[in-house]
Amino acid sequence: MALIEATLLSKSYPVGEGRVAALNGVSLSVEEGEFLAVVGPSGSGKSTQLNLIGCVEKPESGSLRIAGIGVSASGLDDLAELRA
């Protein structure tokens, strides 16, 4: 089982009267002990992806599991405990 399993994650933010998609259908799998780098141009969604993986924010759609725990279905207290 992967330590981080993200499947088709999407997240957008309000901008004026519309919304801007920061992530649209991003999938990622990270095994325990694996190293990776998140690189890309400004505005490509790097910080948003890290905020989701760090349980600071929840995805609007898709599935995110950290150590087998479903982030979308978890409450704020559960996410705080997961971050600790």
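What follows is calculated from the coordinates using simple rules that are stated; it is not laboratory data. Everything numeric in this text was worked out from a predicted model, so none of it was measured. Cβ atoms come from the backbone with ideal geometry, glycine included; neighbour counts cover every protein chain shown.
Key figures for this structure:
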item: Local net charge near residue 31, Cβ-Cβ under 14 Å (Lys/Arg +1, Asp/Glu -1); result: -2
item: Full-stretch length increase - residue 29, residue 2 - with 0.36 nm per residue and alpha-carbon distance subtracted; result: 9.1 nm
item: Local electrostatic count, residue 2, Cβ distance below 14 Å [Lys/Arg +1, Asp/Glu -1]; result: -3
item: Expected 222 nm ellipticity per residue - DSSP helices of 4 or more, -39500 (n - 2.57), all of the chain, to 500; result: -5000 deg cm²/dmol
item: Label corresponding to mean projected area of the Cα convex hull in nm² when calculated from the structure given, among [x] 9.8; [y] 14.4; [z] 6.1; result: [z]
